[in-house]
Amino acid sequence: MAKFTVYFKDKPIQSSLFDYGVIHIGRDETNDIHLDSLAIAPVHAVVILKESSNIIKQLNDDFPLIVNAENVKETTLENGDKISIGKHSIVFNSAVVIAADLQKDTLLSKDIESLNQEIKPAVKLPEANLQVISGKHIGRVIPLKKAMTRLGRGGDGIVVISKRKEGYFISALEHDNSLQVNQQPLGEKTLKLRHNDTVVIDNSAMQFFID
């Protein structure tokens, strides 16, 4: 498994996890990693992920491939390597780093679960839910029964919806421009959710409603 984090002008814009296999990078939307820029070839490069090694290859001589500030035709990727394509850059992380990140997420989940047990008896609110209104899970209902409910994935933005005596509040643990409430970026704000508010997490739209 490997993680690719895409940056544009030093700002992260997307992050993707891949198992072993062939990963295509380029301007065309059919690529596994899509970079929308005329400075990038329709199919610019390919990464071959194996258990023993990870190889990146240039696919178009008219569009340079730069890894760690060096022009390459083909090279082995190591953890932390920086791939430069046009004005975009991609940081490659190996399975070891991903496993460490997942461990951190697990510890965070345990902290939240512990806090749920402490807060739950003190908070009594009308039951609330999120219903998915776009994507492959459309129609799915997510009950917000815990004192704190965590949603999202690392790299794509993680949010927490907390139950307080004043209502349900949403805030971001990982700030990402794709996190939105009523079509506005959530950013570093903590917002009180109201009936029929629309929330976008992991590029999936959900509607908040109170029973």
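What to note about this one:
- Checked against (1) at pLDDT 85 or above; (2) closer than 25 Å to Ile23 by Cα; (3) not basic (Lys, Arg), Glu127 meets all criteria but (2).
- Out of Ile25, Ile40, sole residue that is outside any loop (DSSP other than H, G, I, E, B) and modelled with pLDDT of 85 or more: Ile25
- Residues in region 62-76 that are outside any strand (DSSP E or B) and over 20 Å from Phe8 (Cα atoms) were compared, and the one that is least open to solvent (accessible area, probe 1.4 Å) is Val72.
- Unique residue being modelled with pLDDT of 90 or more, open to solvent by less than 70 Å² (accessible area, probe 1.4 Å) and touching an Asp or Glu at 6+ places or on another chain (Cβ under 9 Å) when the list is Ser89, Ser84: Ser89
- If you go through region 161-185 and keep only what is in contact with a Gly (Cβ under 9 Å, 6 or more places away or on another chain) and at pLDDT 85 or above, you end up with just Leu179.
- Test result for Asp197, in contact with a strand residue (DSSP E or B) (Cβ under 7 Å, 6 or more places away or on another chain), among the acidic types (Asp, Glu) and at pLDDT 80 or above: yes
The values are calculated or read from the model by the stated rules, or taken from the named source; none is laboratory data. Quick caveat: nothing in here was measured; it's all calculated off a predicted structure. Heads up, the Cβs are rebuilt from the backbone with ideal geometry, glycines too, and the neighbour counts pull from every protein chain shown. The protein model used for the area step is the full one, side chains on, heavy atoms only, and it has no ligands, DNA or RNA in it. Shrake-Rupley method; radii C 1.70, N 1.55, O 1.52, S 1.80 Å.
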